[in-house]
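The values are calculated or read from the model by the stated rules, or taken from the named source; none is laboratory data. Everything quoted here is computed from the prediction, not taken from an experiment. Here the Cβ is made from the backbone with ideal geometry for all residues, glycine too, and neighbour counts use every protein chain on show.
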Amino acid sequence: MLEQLEQIYQEAQVSLAAAASSEALHEWESRTIGKKGAVTLLLRSTGQLPKEERAAFGKRANEVKELLDAAFAERETQIKEIELIRSLESGQVDITLPGRAHPVGGLHPSTQTLRELYHIWADMGFQVFRSRDVEDDDTNFTLLNIPEHHPARDMWDTFYTTTPGVILRTHTSPGQIRAMRELGENGTQPIRVILPGMCYRYEQITSRSEMQFHQLEGLVIGRNIRMSDLKGTITAFARRMFGAKAAVRFRASYFPFTEPSMEIDVECFLCGGQGCKVCKYAGWLEISGAGMVHPTVLRNGGYDPSVWSGFAFGMGPERMTMLKHRISDIRYFWGNDLRFLEQF
Amino acid sequence: MQVPLSWLRDYVDIDIPVEALAERLTLAGLEVGAITYLGIPQGHVPGIRWPKSDHLVWDRDKIVLGAIREVKPHPDADRLVIAMVDYGGTELEATVTGAPNLFEYRGKGPLDRPLWSPFAKEGAEVWDGHSDEPKRMILKEKKLRGIPNRCMVCSEKELGLADSHEGILLLEHSAAYVPGTPLQDVLGDVVLTVELTPNLARCFSILGVAREVAALLDKPLRLPSFEVLMEGAGIAGEVAIDIREADLNPRFTLTLLRGVTIRPSPQWLQRRLQSVGQRPINNVVDVTNYITFEIGQPLHAFDFDKLKARVGGAMPTIITRLAQAGERLHTLDEVERELDAHNILVCDTQGILSLGGVIGGAETEISDSTQNVLLEAASWNFINIRRTMQSQKVFTDAGTRFSRGVHPSQALLGVRRGIELMRQSGGGQVAQGVLDVYPRPAPQVNVDLPIREVHRLLGMELDVMTIANLLMRLGFGVTVQDNLLHVRVPDYRMDISADPIIGQADLIEEIARIYGYDRIPDTIMADAMPPQWNNTALEREERARDVLVSLGLRENISYRLTTPEREALLLPMPAAAPEYVTLANPLTPDRAVLRRTLLVNLLENALANTRHSARQMIFEIGSVYLKRADSPLPDEPRRLSVLLSGERQTADWTGQAVAGTLDFFDLKGMVDGLLDGLHIKGATYERSSHPSLHPGRAANVLLKGAALGDFGELHPIVTGRFELAGAPVLVAEFDLEALLGAMEPNYGTNPLPTTPPVLQDVALVVKEDTTAAAVEAVIVKAGGNLLKAVRLFDVYRGEPIPAGHKSLAYNLVYQADDRTLTDTEVAKVHQKIVKTCERELSATLRA
């Protein structure tokens, strides 16, 4: 039996070295050192030997079993490594093939810009106050110091409805009156709000002008609000919206509901103020109209202009989006062409 | 408004480059939209950027003032002459030209007085006068019918001054002219295009702009002369004025010039009119236009003899009054007008002469044979003039100025300066005196301004003398008393209010403007922060947008204007149209009313996109507009709408895309996802009778009995109308307020289970009309606490299921929170579910 053991041992070593796959290895295992393997069976039959041979045979059989176990474990590791390498090699894909398309949703670019504006202004303590699209003539014009037939009305081309005195708001400024009356508690409370909303103008639709567009108005009312605050606040805004180094310029202008009034330009962030197509080679981009709230408007909002003061500003989210992303045609915004929307 | 620098310099010295001046004006609210250079080069001022101009620059050496000493005939051509030009050189230059305006001097020998003309030498760059397209050329020597020629006497077109190429430009003689002077120094100019906001009525003239320039540059203003040589018999008794509506016509003045000769205006005046875009006509009409542009007071000239003839030679009476119903007037622009009752008219006893302040009538206009001119300068109510311009749709230079406001004081200035300029160019004698009827003298406006108000509103300390000086530079009269300024407002500043508080604000703006907005500091608001609050409606709306985007939908924002006809397409059967908020002046017929639904927008957007996109998954959140019976303003509720259509998944090279087109259950999954994302629990679905939806594939979303919205497959008739018939169109429309109001911001959560679940399936055969919701409700009720989840995984009809029946197969998940369930426990609950279904739904267990 000892010879038989040695012979099995010799053969097992040869056949283990020849096992080149997991399958062959496991076949070898069950044939040799498994529960019904040759070595195991021999080991079990130790009892059939004469007493005097048992000890020596048993010792040698256990030795062989341990050697084969160890050889098996080593071979198994080798084969796993080989097989892993082989499987990695054969598992290559052409990584330049297109990915599988998943439906991707997205916000409209105007919403994205509005959110950016909400966020910046919220950090400065401005809450969002929304008011209606369909307005009465008084709130849209007269209470904002734009009397009927006044030449200042030429600044807005208005959509009138068939109900006398009811129009589509031409700007978000009527929201100033509504905010003062709703939040001001008869001219006793300070206010800091932004007023986003859709506005409407009787204007031919071209690549540069729309009949419908968003505005975002800001309104601050307080006991000690100064034009220097307006300048500081807008400059702080511009640095967040257009970059920390954005230069801002304030030009005198005219709006009936503010005084002093101004237009605000930011140095062109596309050309660094050197002059390009977008800024029409002027180096500046107009971003906002603003001013100190006119005493008449303060009065109409319930405030005493000798005690209270404030400032207001207005900006166009679509215009800002167009500047930032070099959009050449404002008509893209309400066209909702997926090929446009998918770029945002 | 066009502002030629040469004209501006009559009234103020300008010692900075024109580009810097334009910048100053722009920053002070007189926005310079363009700088047009005539002959002179564009300047470059550090720090100021203007678009590069590509105008023709007159070379200082090569384009000069020439003096034509003699015009000789061309030996071989009748249509050409040889001008002998003195250009400051040693010899005269023989220059061949075809200019017809030289022919009269041909062969007359040396001229007593030279003809002055722009002269371009060899190598000079000019515009090609013979080209229809703008084209530049460089002068080179060539023979003209045998005579060598290398220079040119120039037309206006060749210099870029005007389009005229009828002849060469001949300048009026001036003793100051020296041959060879660079033409830049003679005719070179710069014209600023100034855009005027409505408050800048005072700047609607060269003098008005000059006044701003003087203030900005701190230079004195030189006024033109208002002296008149009045040598004729008095105007009294020649004509009378009768103002009937003093509020609309506060002042009316007349002067009379007898024995005038109508002829072309002097060249300087013609040139100035051309420089502001006016066409010269004759010396009388030109002066009325000139004064309009010079000082901003429009004038009107009558042929006095025609006026007298209307009343049979008697004394005419000028009457200003409102129009009466049915009155008509044939105006100078050849329009027969039916007048409105608010139109103020200039009439005589025989009828209407002109539309006051806006446009004259044809009958009494100046003609070549006019001998006596009656000159009108009046003052009109600006609001009324604006109304008239709008209702009569007539826009004139006079009306534009009067409609913004011209102070009555200007009438007297205008009528005096106008009649004197007419006398100077047309001869004759001015009648002594001005007929001046002024029933509504404008009050003098004075404003007291404490300097603390300036500090309060500007946030900057300026001392009282600095403030006083800034105002005085603009022509305000200022008396300083400690820290108070008594300000006397000049008459041309009609924009300064007499209201003490508003007047102060008006003055503070002027102080800031002239001081410079850029010199006011930037500060951080020191005022107390107002109470802070959340805009919950907006925050929830934005949350809804985020949820929809996470479901793969693209946000749309559409026009809110549509037509009732387009919205009617949503109804398969004709129905009475609802009331719309309707525009009185739609821009186009297809944007005539405000929408009552978002669905038409989404359908139109989807249709436009089907041309290039195989799948539409879009949503819009926005207002609709519902008329109210009890208020002129409509309700503006907000809606949330979704549209799905097209391929469920775009096919790709893997061939593993989920086949098929989007259907009802895709949309229902989105709706479920939306409700989950908004943490709205307990919504139920009922069959919807929404008329736009397929009656068998439409659901109504209810929460505690209240409707949140409808969704489903669009009715095939409606789908067909929108030409989207290729695939089903799934739409949803929610009442946004109801939807967002159902959100539970403080929603609860479940702890993670610590015990293993037991999974069991059950397939139940039920009658066809038993709904899935009914089956699930029974399962859930019978399952009690131990049944944690129910998921339908199969619906089967057909053999061996009997006809009229269907099999619904569910995965059931059993789990206890506190222990591992035993097989016996699970079997007991499972059995109870099956028995209850058998009992309550007549269900049978599928074999």
> For region A:184-205, how many residues are more than 25 Å from residue B:624 (Cα to Cα), in contact (Cβ under 8 Å) with a residue 24 or more places away in the chain and more than 8 Å from chain B (Cβ to nearest Cβ)?
Replying inline: 3
> Are there any pairs with C-beta distances below 9 angstrom linking a residue in region B:90-103 that is under 19 Å from residue B:167 (Cβ atoms) to a residue that is of a type in the set (A, V, I, L, M) and assigned to a loop (DSSP other than H, G, I, E, B), with the two at least 6 apart or on different chains, and if so which?
Replying inline: B:97/B:168; B:99/B:168; B:99/B:170; B:101/B:168; B:101/B:170; B:102/B:168; B:102/B:170
> Residues in region B:396-427 that are part of a helix (DSSP H, G or I) and farther than 20 Å from residue A:150 by Cα: how many?
Replying inline: 18
>> Whether any residue in region A:63-81 is touching a Ser or Thr at 6+ places or on another chain (Cβ under 7 Å), of a type in the set (Val, Ile, Thr), touching a residue at least 60 places away in the same chain (Cβ under 8 Å) and in a helix (DSSP H, G or I) is what I want to check.
In response: yes
>> For region A:7-60: of the residues being at pLDDT below 90 and among the acidic types (Asp, Glu), which is surrounded by the fewest Cβ atoms within 10 Å (Cβ to Cβ)?
In response: A:52
>> I want to confirm something. Restricting to region B:63-83 and keeping residues that are in contact with a Phe, Trp or Tyr (Cβ under 9 Å, 6 or more places away or on another chain) and in contact (Cβ under 8 Å) with a residue 60 or more places away in the chain, which single residue is surrounded by the most Cβ atoms within 10 Å (Cβ to Cβ)?
In response: B:66
> Among the residues of region B:582-598, which ones are within 14 Å of chain A (Cβ to nearest Cβ) and not aliphatic (A, V, I, L, M)?
Replying inline: B:582, B:585, B:586, B:588, B:589, B:590, B:591, B:595, B:596
> Only one of (1) part of a strand (DSSP E or B); (2) more than 9 Å from chain B (Cβ to nearest Cβ); (3) small (Gly, Ala, Ser) fails for residue A:253. Which number is that?
Replying inline: (2)
> For region B:649-680, what are the residues that are within 14 Å of another protein chain (Cβ to nearest Cβ), free of Cβ contacts under 8 Å to residues at least 60 places away in the same chain and not in a loop (DSSP other than H, G, I, E, B)?
Replying inline: B:669
>> For region B:565-581, which positions are surrounded by 15 or more Cβ atoms within 10 Å (Cβ to Cβ), within 14 Å of another protein chain (Cβ to nearest Cβ) and farther than 21 Å from residue A:213 by Cβ?
In response: B:580
>> Any residue that is surrounded by fewer than 21 Cβ atoms within 10 Å (Cβ to Cβ), more than 11 Å from chain B (Cβ to nearest Cβ) and free of Cβ contacts under 8 Å to residues at least 24 places away in the same chain - is there at least one of those in region A:280-289?
In response: no
> Hey, any hits in region A:324-334 for a residue that's assigned by TED's automatic domain parsing to the domain that holds residue A:172, within 30 Å of residue B:53 (Cα to Cα) and touching a Leu at 6+ places or on another chain (Cβ under 7 Å)?
Replying inline: no
>> When the residues of region B:607-618 are narrowed to those that are more than 9 Å from chain A (Cβ to nearest Cβ) and of a type in the set (A, V, I, L, M), which ends up farthest from residue B:567 (Cα to Cα)?
In response: B:614
> So, of the residues in region B:172-198 that are buried (at least 18 other Cβ atoms within 10 Å of the Cβ) and in contact with a helix residue (DSSP H, G or I) (Cβ under 7 Å, 6 or more places away or on another chain), which turns out to be nearest to the other protein chains (Cβ to nearest Cβ)?
Replying inline: B:198
>> Could you check region B:779-797 and list, in sequence order, the residues that are under 17 Å from residue B:846 (Cβ atoms) and touching a Lys or Arg at 6+ places or on another chain (Cβ under 9 Å)?
In response: B:795, B:796, B:797
> In this structure, is residue B:346 buried (at least 21 other Cβ atoms within 10 Å of the Cβ), within 19 Å of residue B:399 (Cβ to Cβ) and within 39 Å of the chain's Cα centre (by Cα)?
Replying inline: yes
>> Return the residues of region A:116-158 that are over 29 Å from the mean Cα position of the chain (by Cα), part of a loop (DSSP other than H, G, I, E, B) and of a type outside the set (D, E, K, R); say none if nothing qualifies.
In response: A:141, A:145, A:146, A:147, A:149, A:150, A:156, A:158
>> Out of the residues in region B:501-539 meeting the condition of being facing chain A (nearest Cβ under 7 Å) and touching a Ser or Thr at 6+ places or on another chain (Cβ under 7 Å), tell me which one is nearest to residue B:29 (Cα to Cα).
In response: B:506
> Can you find even one residue in region A:116-131 that is within 30 Å of residue B:666 (Cβ to Cβ), at pLDDT 95 or above and more than 7 Å from chain B (Cβ to nearest Cβ)?
Replying inline: no
> Any residue at all in region B:707-723 that is touching a Gly at 6+ places or on another chain (Cβ under 7 Å) and closer than 30 Å to residue A:102 by Cα?
Replying inline: no
> Given (1) surrounded by 17 or more Cβ atoms within 10 Å (Cβ to Cβ); (2) more than 7 Å from chain B (Cβ to nearest Cβ); (3) under 29 Å from residue A:336 (Cα atoms), where does residue A:108 come up short, assuming only one miss?
Replying inline: (2)
>> Residues that are in contact with a strand residue (DSSP E or B) (Cβ under 8 Å, 6 or more places away or on another chain) and buried (at least 18 other Cβ atoms within 10 Å of the Cβ): list the strands (runs of 3 or more DSSP E) wholly contained in region B:84-129 that include at least 3 such residues.
In response: B:93-97, B:115-120
> Of all strands (runs of 3 or more DSSP E) completely enclosed by region B:758-844, which ones contain at least 3 residues that are free of Cβ contacts under 8 Å to residues at least 40 places away in the same chain and under 27 Å from residue B:683 (Cα atoms)?
Replying inline: B:787-796
>> Is it the case, given these coordinates, that residue B:209 is crowded, with 17+ Cβ neighbours inside 10 Å, closer than 30 Å to residue A:252 by Cβ and either more than 14 Å from chain A (Cβ to nearest Cβ) or not charged (D, E, K, R) (or both)?
In response: yes
> Can you name every residue in region B:397-415 that is of a type in the set (A, V, I, L, M, F, W, C) and out of contact with any strand residue (DSSP E or B) (no Cβ under 7 Å at 6 or more places or on another chain)?
Replying inline: B:398, B:402, B:413
> Name the residues in region B:551-568 that are more than 29 Å from the chain's Cα centre (by Cα) and over 23 Å from residue A:161 (Cβ atoms), would you?
Replying inline: B:551, B:552, B:553, B:554
> Pairs under 8 Å by beta carbon, first residue more than 7 Å from every other protein chain (Cβ to nearest Cβ) and within 24 Å of residue A:184 (Cβ to Cβ) in region A:220-249, partner part of a loop (DSSP other than H, G, I, E, B) and among the small types (Gly, Ala, Ser), six or more apart or different chains?
Replying inline: A:221/A:184; A:221/A:301
